[in-house]
Amino acid sequence: MKNLDDFEEDIYKCSRCGLCQTVCPVYKVTLNECSVSRSKFNMLNGIIKGDLALNKKIMEYMELCLGCNACKEFCPSSIDAREIFTAVKAEYKRKKPALISPYLIFKILLLFAGAGFSLYRLLRLDKITNQIFRGTDKLLFKRILLFNTLAKKNLKEKKKISSSKNTKTKKAVFFKGCFNKYINNDSECAVKKILKNTDIELIEKPFECCGISLLSSGEEKDFLKVAGKNLSLIPEDCDYVLTDCASCSYVLKSYEKYLPSNITPKVVSILDLIKDKTISVTGKNIKITAHKPCHEDSDFITLIKNIKGTDYIEAENFDKCCGFSGKFALTHQKISREISKRKAQDMIKTGAEFILTNCPACKLGLNQGLIETGNCEQTVMNVVEFIAQYCRIEQ
Ligand code: SF4
Ligand code: SF4
């Protein structure tokens with residue numbers, strides 16, 4: 001990973017015009033100039049010149065960022081704030097490494113959460129707590145309501161993919177996002193259902209998490225370890241590395257920046273595989289809207305607009321961050337909830353029945369926002385889950 005010094009020229013390009021301030025979701029909520037990339041670049045400039053030290057306080061400012069990169073899109077010099085802040089965090093962590101591997105902690109928590117969730121679902125505790133805590137003001141109860149949105153399963157589990165087509169001409173190794181894998185596998189079920197009668201053979205491997213939280217926190221050592229393991233599991237002869245999450249796609253495509261890899265051209269989202277098909281709702285017309293994840297690089301809005309039998313209503317700020325962004329939602333809960341609330345208000349205004357997205361963290365962000373507004377009439381779904389449950393695809 002690069003060091004801060006490697007970005008000296010990029011940081012120098014900042015003219016302090018302030019355009020980044022107008023789009024930064026964290027600034028809009030906090031009105032804290034230190035959350036804006038311009039101010040962070042000022043601090044980093046001070047470190048490069050030797051006037052400031054890279055210390056805990058500076059790191060707190062680096063963490064005050066969702067990594068949405070809205071600032072890069074508006075910056076006249078296209079300065080990649082996300083990449084720079086990641087490099088700064090990695091440089092700091094190299095000097096002050098964690099005593100216990102953050103990935104080990106993450107994995108243990110995920111395993112416990114997965115097991116706990118299965119039991120929670122089995123006992124139908126989500127139904128009970130949903131009724132008790134609906135409309136609550138208490139943060140703890142709001143968190144329970146948010147977990148309940150994960151407990152709901154819409155699709156039946158199919159461990160094996162079967163097909164009526166005997167000849168499989170293409171091979172896709174399926175990279176299931178860890179969240180989809182351990183907590184709610186509706187998305188996995190949807191992918192298997194959609195690919196059932198195609199000529200694509202789906203291969204499963206024991207992949208680790210893509211490493212997005214490690215990458216964004218600058219945990220270089222652990223990130224390289226999981227990326228290396230994932231790369232070693234990808235068969236040479238596969239045609240696709242298939243994902244069901246925008247963030248996983250983004251990170252898999254970025255592996256080549258850190259390790260020797262030739263997988264980038266093979267990384268495709270399930271949406272890429274169906275974008276040219278005719279997709280139609282099987283029942284009555286459905287009113288939908290969508291949230292575009294910050295990491296989504298495919299034209300998933302066009303795919304959604306083309307679903308026959310739906311009325312798509314574009315929400316204001318549909319392509320702006322939902323405020324969740326993994327660790328940020330835990331470390332900056334108040335800011336995260338407020339950003340999600342504003343996002344949900346834009347979604348509610350559309351009057352749509354379903355909010356479609358393509359990332360499990362965004363699903364949480366949107367549900368977090370709906371809970372904050374106290375209006376939980378809308379259903380948030382991953383677009384592949386929606387297609388698998390309510391649509392048919394003409395092959
Ligand atoms: S938009 Fe770009 S050039 Fe302008 S202040 Fe922000 S980072 Fe600097
Ligand atoms: S990446 Fe997003 S949250 Fe971070 S400084 Fe830029 S606009 Fe703000």
Of all residues making up the range 39-68, the number that are closer than 17 Å to residue 16 by Cα and either within 9 Å of ligand 2 (Cβ to nearest atom) or of a type in the set (S, T, N, Q) (or both): 4
Return the pair list, or none, for Cβ contacts closer than 6 Å from residues in the range 239-265 that are under 16 Å from residue 295 (Cα atoms) to residues that are open to solvent by 60 Å² or more (accessible area, probe 1.4 Å), at least 6 apart or on different chains. 264/256
Out of contact with any Phe, Trp or Tyr (no Cβ under 8 Å at 6 or more places or on another chain), in contact (Cβ under 8 Å) with a residue 60 or more places away in the chain, of a type outside the set (Gly, Ala, Ser) and under 16 Å from residue 242 (Cβ atoms), is that true of residue 274? yes
With respect to residue 192, determine if the residue is over 16 Å from residue 87 (Cβ atoms), in contact with a Ser or Thr (Cβ under 8 Å, 6 or more places away or on another chain), modelled with pLDDT under 95 and not assigned by TED's automatic domain parsing to the domain that holds residue 63. no
Hits in the range 341-360 - residues which are surrounded by fewer than 24 Cβ atoms within 10 Å (Cβ to Cβ) and small (Gly, Ala, Ser): 351, 352
From the option list 117, 112, single residue qualifying as open to solvent by 60 Å² or more (accessible area, probe 1.4 Å), farther than 30 Å from residue 20 by Cβ, modelled with pLDDT under 90 and under 24 Å from the mean Cα position of the chain (by Cα) is 112
Yes or no: residue 91 assigned to a helix (DSSP H, G or I), more than 16 Å from ligand 1 (Cβ to nearest atom), open to solvent by less than 80 Å² (accessible area, probe 1.4 Å) and not assigned by TED's automatic domain parsing to the domain that holds residue 340? yes
Pick from the range 17-34, criterion under 21 Å from residue 87 (Cβ atoms) and at pLDDT 95 or above, ranking: farthest from ligand 2 (Cβ to nearest atom): 20
When you check residue 72 against the structure, is it in a helix (DSSP H, G or I), away from ligand 2 (no atom under 16 Å from the Cβ) and not assigned by TED's automatic domain parsing to the domain that holds residue 226, yes or no? no
Considering each of 79, 11, 58 in turn, give the residue that is among the aliphatic types (A, V, I, L, M), assigned to a loop (DSSP other than H, G, I, E, B) and open to solvent by less than 20 Å² (accessible area, probe 1.4 Å). 79
Could you count how many residues in the range 231-254 are crowded, with 24+ Cβ neighbours inside 10 Å and either touching an Asp or Glu at 6+ places or on another chain (Cβ under 6 Å) or of a type in the set (Ser, Thr, Tyr) (or both)? 4
Answer yes if at least one residue in the range 361-371 is farther than 23 Å from residue 28 by Cα and open to solvent by less than 20 Å² (accessible area, probe 1.4 Å), and no otherwise. no
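The values are calculated or read from the model by the stated rules, or taken from the named source; none is laboratory data. Everything quoted here is computed from the prediction, not taken from an experiment. We place every Cβ from the backbone using ideal geometry, glycine too, and count neighbours over all the protein chains shown. Remember, those area values only see protein heavy atoms, side chains included, never the ligands or the DNA or RNA. Shrake-Rupley method; radii C 1.70, N 1.55, O 1.52, S 1.80 Å.
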